[in-house]
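The values are calculated or read from the model by the stated rules, or taken from the named source; none is laboratory data. Note that the coordinates shown come from a computational prediction; the quantities given were computed from them, not determined experimentally. As a convention, Cβ positions derive from the backbone with ideal geometry for all residues, glycine included, and neighbour counts pool all protein chains shown. These accessible areas exclude ligands, DNA and RNA; they are computed on the full protein's heavy atoms, side chains included. Shrake-Rupley method; radii C 1.70, N 1.55, O 1.52, S 1.80 Å.
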Amino acid sequence: MNERLSPPSVAPQMWETLSDTEQVFTVAMPRGWRNRAWVQSNGSIPHQLATAESPTGGTTLFLGDPTIPMFIEPAATTFGSPPGAVARPYTSIEHFLPAHAQYRFGGLPGFRWGAMVPSPELFQRVSQLVQRSGAAQAWVTAGRITFSFDEGPRRVQAVLFGSCTSLGQVWMAEVHGITTVGDPESFVPALLEMLDSRRTNPAILQRQLQERALSAAQHQATMSMLEQGAANLRANHQQNMATLQGMAASHQARMASLHESHEAHNAAWRNQQAAQDAAHHARMHTSTSDDTHRRFLNTITEERTVIDGAGNTYQVADGYDRYFRRRSDGAWLGTRDQRGLNDIPGVNPDDYEEVKIKL
């Protein structure tokens, strides 16, 4: 089957408009493909996500990556950070995208790098979106990177598009991509127009703008209160400045020691994660073609594949050690730390069937 996909502007009859279950946004997606659109929050940042898998399973288009947080400049964290934000200096896309591709996909069997180049088409789209949002000043970098990997006997080609946008004290990164057993370049126009078609519900957008304005006002009030407190402290304790400076020096030394300890802990954690990822991908290398592709999709959507006693498979949210399916309506329960259902109030274990984790 020829999976070449023309963009909506060329073949509108090949496309349909979908929305997430909460009606937050809409997006044009290929008609007849296995499509999904959903919203996932990462701290205070809602991600608008979409995946489209071709009928043969040979091609996947995706918008967004839920693992990417909002970033904040380290100098802006003096009085705390927004929930879910990560302190990190602005990183341009030519440095961010290769590191992200290596982290997310570098462990796939037969992973091999292609090329990293600028993306003028994505740069133009992101810049126009930032201007329409009313941002007075912004710094945008955009690029694309290619790589390939093995999916059983097939060689899969992939291209990722990414952008990094700085709004001053905060900055954001977004990644979209294509994986296919064919030529990924033939799907690039479709992916970019799919991205162009994504529209936020006006009511939701207005609410988000109001929430941001309220957050900004609260932050300003907090800053004013802190400044007034600092002025009072200086007026009341002028004679003790020498002592305070000594305390500040001691505090700075302690913070430096804590920072070194924190960095050492992070390095150990990264090494442990790298070892776990290597073991995980070694197991993936021996799996069938279908399992490898399903694991790739599960990585993107943050899901697990489970199987019941009759051999039926289901997609469930990642993050639990055991999964139970209610026989009456198919509702799911997940538990951590190998916990069963006997000690959960209001739950009758006889109403549920435990399934096994397949992927």
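Annotations for the structure displayed:
- Rotationally averaged projected area of segment 88-193 (alpha carbon convex hull; nm²): 7.0
- Think of a 1.4 Å ball rolled over the protein heavy atoms: segment 42-114 then has 40 Å² of accessible area per residue.
- Summed residue charge, Cβ within 15 Å of Leu341's Cβ, Lys/Arg positive, Asp/Glu negative: -1
- Longest to shortest principal axis, alpha-carbon extents of segment 1-59, angstrom: 42, 23, 15
- Net charge over other residues, Cβ less than 12 angstrom from the Cβ of Val39 (K, R count +1; D, E count -1): 0
- Per-atom-type breakdown for segment 65-203 gives carbon and sulfur 57% of the accessible area (1.4 Å probe, protein chains only).
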